[in-house]
Amino acid sequence: MRKLNYTSQSVQESAQRIGSIIHDLKHFSRYGLSNVKPVALNHIVETALRLTHNNVKRLQLQLSLHPQLPAIKGDELQLQLLLINLIQNACLAMDKIHPLLTIETRIEEGRVYLKVIDNSSGMQPHIQARIREPFFTTRREQGGTWAWAFDHQ
């Protein structure tokens, strides 16, 4: 009976997770090219983690979201896609026995920050030199990954 209750609970949790993913994907498809407005960064992180759950479940995740983060101006879809790309790249890059992904939101001196860190060995210098080239990828044989280039101001 105990095993049946555990199985039932597991199925229910999976169904809820699938429902959340479907909701998130529908939300993704509603946006136009640019939709800059106040957005909740923690919500973006939570959505990106739900959408990358199958990649993230094989590693240790340290998540630290500031509980009273103010809204930031941005395009929610583009920020979600950027974070999904960072998470997927981190998951692919970590070939350690104990892969660790850290995602943190915080406020410092009135500014909102998002930090994404993995414990991979990092990029080799010749790859770092090309990282801002449009459509550059080290995974062309596997279909590549989304390309993102942005400048810090």
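The values are calculated or read from the model by the stated rules, or taken from the named source; none is laboratory data. This one's a predicted model, so the numbers in the text were calculated from it and none came from an experiment. FYI the Cβ positions are ideal-geometry reconstructions off the backbone, even for glycines, and counts take in every protein chain you see.
When Gln88, Gln68 are checked against the criterion of being on the phi < 0 side of the Ramachandran plot and either assigned to a helix (DSSP H, G or I) or not assigned by TED's automatic domain parsing to the domain that holds Ile131 (or both), a single residue qualifies: Gln88. Pull up region 92-142, narrow it to residues that are part of a loop (DSSP other than H, G, I, E, B) and among the basic types (Lys, Arg), then point me to the one that is modelled with the highest pLDDT. Per the criteria, the residue is Arg130.
Taking into account only those residues within region 106-122 that are under 18 Å from Ala40 (Cα atoms) and charged (D, E, K, R), which is surrounded by the most Cβ atoms within 10 Å (Cβ to Cβ)? Talk me through it step by step, then tell me what you get.
So the first thing to find is which residues in region 106-122 are under 18 Å from Ala40 (Cα atoms), and the list is 106-108, 110-116.
Right, trim to charged (D, E, K, R) and you get 106, 108, 111, 115.
Values: Arg106: 13, Glu108: 7, Arg111: 8, Lys115: 10.
Here the answer is Arg106.
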